[in-house]
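Everything below concerns the one structure shown next.
Each value in this text was obtained by applying a stated rule to the coordinates, not by laboratory testing. Predicted model, so just to flag it, every value in this text is computed and none were measured. Methodologically, a virtual Cβ is constructed for each residue, glycine included, from the backbone with ideal geometry; neighbour enumeration extends over all protein chains shown.
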Protein chains: 2
Amino acid sequence: MQELTGNILVAQSGGPTTVINASLAGVINEALNHECIEEIYGGLNGIEGILNENLIDLAAESQQTVRGLCYTPASALGTCRYKIKSDADYARFIDVCKAHNIRYFFYIGGNDSQDTANKIARFAENNDWEMRVVGIPKTIDNDLVLTDHCPGYGSVVKYLATTIRELALDHESMGNHDLVSIVEVMGRNAGWIAAGTTIAKRRNTFGDAPHIILLPEVAFNADYFIAQVEECLKNNKFCLVVASEGLADENGNYVAAASARDSFGHSQLGGVGEYLQNLVATRLAGVKARSCKLGHAQRAASHCSSATDVEEAFRCGQEAVKAAVAGESGVMVALVRGDADKYKAETTLVNLEDVANGVKHFPAEWINDDKVSISQQFNKYILPLLQGEVKVPFENGLPAYVRLQKNMVEKKLS
Amino acid sequence: MQELTGNILVAQSGGPTTVINASLAGVINEALNHECIEEIYGGLNGIEGILNENLIDLAAESQQTVRGLCYTPASALGTCRYKIKSDADYARFIDVCKAHNIRYFFYIGGNDSQDTANKIARFAENNDWEMRVVGIPKTIDNDLVLTDHCPGYGSVVKYLATTIRELALDHESMGNHDLVSIVEVMGRNAGWIAAGTTIAKRRNTFGDAPHIILLPEVAFNADYFIAQVEECLKNNKFCLVVASEGLADENGNYVAAASARDSFGHSQLGGVGEYLQNLVATRLAGVKARSCKLGHAQRAASHCSSATDVEEAFRCGQEAVKAAVAGESGVMVALVRGDADKYKAETTLVNLEDVANGVKHFPAEWINDDKVSISQQFNKYILPLLQGEVKVPFENGLPAYVRLQKNMVEKKLS
């Protein structure tokens with residue numbers, strides 16, 4: 001493969017994770033090792049910013065800042081949910097790349113982003129612009145196909161399982177009354193996040209929190225749910241329920257949206273947590289119901305990230321650069337689980353096209369017959385992903401996260 | 001003062017904090033230093049358990065467990081919200097103390113608990129049972145009078161400010177749309193917790209999150225709130241709002257309870273966060289609204305406790321024992337701020353009677369004229385309370401909190 005000399009462009013897309021910046025740091029770190037790479041540019045706010053030629057000079061950032069990216073949440077480059085709409089957009093994208101001699105493009109994102117990356121790769125090829133495009137996986141939802149797991153997933157589960165273990169101790173210590181505690185977690189279409197919290201159990205018994213896990217993959221039935229709660233309260237002082245925000249009934253309707261109307265008569269946006277809290281309070285006399293909803297805090301909780309997750313995210317960034325320099329394009333870095341007894345994730349490359357349109361649901365065989373608990377087989381899958389704690393530096397009592405200086409690259413197009 | 005030989009009894013009451021067990025560890029640790037103290041008993045589930053003679057032998061717990069209490073959330077002894085109802089209850093309490101030769105009673109709790117401790121002290125005195133009663137302060141609400149601050153407060157603020165800083169980075173990185181993000185925090189009557197989150201700001205400007213802080217001390221006005229949000233969105237891509245769960249309108253009605261009815265027509269329990277989220281979504285077209293509600297997770301988040309808070313809580317436990325052995329009774333350990341330039345909290349003793357019926361609201365002079373932000377004077381108060389991080393041991397990727405073995409003391413009463 002012929003050496004391709006020029007500049008690289010890296011961008012981030014979709015909902016942030018606590019480790020999406022570690023992948024960015026991996027790209028920058030590895031890019032410095034290759035003489036064929038001249039400038040290292042970052043695109044602000046994903047595709048949207050790149051179309052506006054909003055590029056920054058990442059080589060100008062201090063080494064301290066690049067190191068700090070490994071423990072800083074959110075998308076340091078900014079993100080977007082913009083979908084490329086037309087060939088004109090693609091043409092504009094290639095014009096920006098030509099103007100800045102971009103020969104390598106790395107897109108850190110979920111399946112929508114990999115789809116975009118795939119189309120960019122093909123458009124460049126059809127328009128005689130030699131550019132290598134490599135995707136880097138990212139999503140707390142863990143729903144990308146062809147990768148064992150996604151960077152971002154281990155950390156969200158570590159944070160949530162930590163929180164649930166703390167909540168369980170709190171609830172257990174609260175006197176002699178029946179308490180039902182609902183924790184609403186992210187995951188609109190796939191139950192990986194909710195299922196992941198099963199690891200908070202100390203023993204794999206029904207008596208250990210979380211007692212009931214409600215996945216979007218399982219149609220919600222209020223009567224069955226209430227019966228399960230009652231069963232749990234027979235033997236436990238409290239019942240801790242984890243519910244996916246995307247919980248839906250047998251007709252596929254989200255349960256939360258339908259729950260209530262506000263004082264103006266508008267249908268409430270209300271979450272699943274408060275819906276279930278009200279359901280319990282209405283149906284079960286004498287039972288206290290509480291809920292919490294960690295919202296976007298769960299995908300930003302870098303103070304409780306998994307060190308394994310950070311390391312893998314960083315490595316995915318590095319491997320993307322290595323692959324592109326070696327001549328690969330139209331591919332995404334994927335994680336492969338090696339020997340099951342001693343966990344070590346290797347990386348491989350998969351075709352962007354194959355990743356772009358798939359969604360990996362939580363496997364049916366890992367859902368127990370009761371439909372509200374998770375098989376122990378899953379524990380073997382999730383446990384290695386949570387290992388190790390990240391040392392976030394604190395200054396004056398609070399985490400000292402970094403921000404990019406963002407030196408803008410001079411615009412060359414109108 | 002004559003030496004008083006006998007056993008000690010310690011119990012916990014009210015809502016847990018992340019450091020209530022550190023105070024328990026301080027009591028146990030100090031008790032071992034005094035020959036006049038024979039047995040160290042813990043009362044399970046506060047007064048309620050003691051009335052049922054549910055005592056455990058704390059001296060039988062391993063040193064490892066006692067050390068682990070310093071970073072373990074919730075009330076290790078169990079807690080209660082039981083209010084002593086009658087003289088018969090007091091008489092029963094004294095009977096339990098007599099049966100087990102309890103000469104020292106320590107109650108770790110908020111103002112209700114200090115009230116109970118006060119009444120127990122007087123009842124013992126009037127019934128010729130020599131017993132010294134010392135209260136140990138505890139509440140995330142920080143609303144006890146006569147103490148500079150309360151153990152538990154620094155940690156809840158550290159956790160929330162960390163979370164808000166993470167959320168702010170997340171929101172800032174999210175493309176070009178207007179986002180209003182509501183974080184509902186605890187504090188039904190006093191705004192100390194919500195106000196504390198102001199410390200998450202990096203610079204003390206309106207442009208820095210949290211942008212709007214809604215305290216229960218300030219009557220909520222929807223029109224003014226919406227105007228403030230709009231003002232914020234003129235200059236910022238997002239507006240982060242922290243709201244106390246106890247937010248009330250000018251008539252003193254909680255805003256949340258009135259917000260909606262469920263599909264059965266019942267008034268919803270719904271939180272302030274979802275109420276404000278819906279208010280914003282209804283009033284401001286084109287603005288995205290999100291909310292999160294950390295619920296009981298915020299008072300249990302030991303993985304993000306303040307080391308200063310843990311140390312002070314432990315010391316309050318120690319000082320309570322020292323005071324009682326020295327002959328004090330009917331008092332509570334309080335924290336006093338020494339020299340303002342170099343923070344060091346000293347302890348003192350205050351009368352239980354004076355603590356029992358007071359509530360310390362957030363000082364009006366620390367609320368800025370705009371009513372939704374906090375004066376910089378407050379930063380000097382809060383900052384020292386957040387210093388230092390607790391090293392929680394993690395096992396297999398999750399925090400390894402301890403549980404008491406709970407060896408029951410043989411019952412002697414019917």
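Return a whole-number percent for the relative contact order of chain A, with Cα pairs under 8 Å and 6 or more residues apart as the contact set.
Result for chain A is 24 percent.
Based on alpha-carbon centroids, what's the gap between region B:340-355 and region A:327-392 in Å, whole number please?
53
Can you figure out the FRET efficiency of B:Arg283 with A:Ala364, using R₀ = 41 Å and their beta-carbon distance, to the nearest 0.05?
Step by step, r from the Cβ atoms, then E = 0.40.
What does the average come to when, for each residue of peptide B:3-16, you count the partner chain Cβ atoms lying within 10 Å of its Cβ?
For this peptide, the per-residue mean of nearby foreign Cβ atoms is 1.
Starting from the Kirkwood radius over alpha-carbon pairs of region A:341-384, derive D by Stokes-Einstein at 4 °C in a medium of 1.567 mPa s and give it in µm² s⁻¹.
98
Put a label point 7 Å from Cα along the Cβ direction on A:Asn126, then list its distances to the equivalent points in the other copies in nm, shortest first.
Result for A:Asn126, in nm, nearest copy first: 9.1.
Please give the net charge around A:Ser306, taking every other residue with its beta carbon less than 12 angstrom from that of A:Ser306, where Lys and Arg add +1 and Asp and Glu add -1.
-3
Are there cysteines in chain A with no second cysteine's Cβ under 4.7 Å away, and if so, which?
So far as the 4.7 Å Cβ criterion goes, A:Cys36, A:Cys70, A:Cys80, A:Cys97, A:Cys150, A:Cys292, A:Cys304, A:Cys316 stand without a partner in chain A.
To the nearest whole number, what is the average tally of beta carbon atoms from other chains within 10 Å of the beta carbons of peptide B:69-79?
Per-residue shielding by partner chains comes out at 3.
Where does chain A land at 222 nm, in deg cm²/dmol rounded to the nearest 500, when only DSSP H runs of n ≥ 4 count, each adding -39500 (n - 2.57), divided by all residues?
So the calculated ellipticity at 222 nm is -10000 deg cm²/dmol.
Can you list the distances in nanometres, one decimal and ascending, from the B:Asn52 label point to the identical position in each other copy, with the point 7 Å along Cα to Cβ?
6.3
Measuring from centroid to centroid over Cα atoms, what is the spacing of region A:59-82 and region B:187-256 in Å?
Comparing the Cα centres of region A:59-82 and region B:187-256, I get a distance of 29 Å.
Count charges around B:Asn126 for me, please; just the other residues with Cβ under 13 Å from its Cβ, Lys/Arg as +1, Asp/Glu as -1.
Computed value for this residue: -2.
Taking each residue of A:156-168 in turn, how many C-beta atoms of other protein chains fall within 10 Å of its C-beta, and what is the average?
5
Counting DSSP beta bridges in chain B, what percent are antiparallel, to the nearest 5?
35
Based on alpha-carbon positions alone, could you give the equivalent ellipsoid semi-axes of region A:28-150 from the gyration tensor, as √(5λ), descending, whole Å?
Semi-axes (√(5λ), whole Å): 22, 20, 14.
Compute the Rg/Rh shape ratio of the protein assembly as shown: radius of gyration over Kirkwood radius, all on alpha-carbon atoms.
1.00
State the antiparallel share, in %, of DSSP beta bridges confined to the protein assembly as shown, rounding to the nearest 5.
About 35 percent, rounded to the nearest 5.
Reachable aspartates and glutamates from B:Lys237, Cα under 13 Å, same-chain residues fewer than 8 places away excluded?
Cross-link targets: B:Asp170, B:Glu172, B:Asp178, B:Asp208.
What is the angle, in °, between the Cα long axis of helix B:111-126 and the longest principal axis of the Cα atoms in chain B? Nearest 10 is fine, range 0 to 90.
20
Hey, rough spin-label estimate for A:Lys85 and B:Ala222, points 7 angstrom out along Cα→Cβ, what's it come to in nanometres?
Placing both labels 7 Å beyond Cα along the Cβ direction yields 3.4 nm.
Give the whole-number value, in cubic angstrom per residue, of the convex hull volume spanned by the C-alpha atoms of region B:294-414.
It is 235 Å³ per residue.
How many angstrom separate the Cα center of region B:145-171 from the Cα center of region A:111-163?
With region B:145-171 and region A:111-163 each reduced to a Cα centre, they are spaced 35 Å.
Which value, in nm² and rounded to one decimal, describes the direction-averaged projected area of the C-alpha convex hull of chain B?
If you wrap the Cα atoms of chain B in a convex hull and average its projections, you get 23.0 nm².
Which of the residue pairs B:Lys201/B:Lys371; B:Lys360/B:Lys391; B:Lys344/B:Lys391; A:Lys158/A:Lys342 have a Cα-Cα distance greater than 25 Å in the structure shown?
Too far apart for the 25 Å limit: B:Lys360/B:Lys391.
Run through the other copies and list how far each one's label point is from that of A:Lys391, in nm with one decimal, shortest first; the point sits 7 Å from Cα along Cα-Cβ.
1.0
Give me the log10 of I(q) over I(0) for region B:151-250 at q = 0.10, 0.13, 0.23 Å⁻¹, as the Debye formula computes it from C-alpha points; what are the numbers?
At q = 0.10, 0.13, 0.23 Å⁻¹ the computed log10 ratios are -0.25, -0.43, -1.25.
Testing the spin-label approximation: label points 7 Å from Cα along Cα→Cβ at A:Trp129 and B:Asp148. State their distance in nm.
6.2
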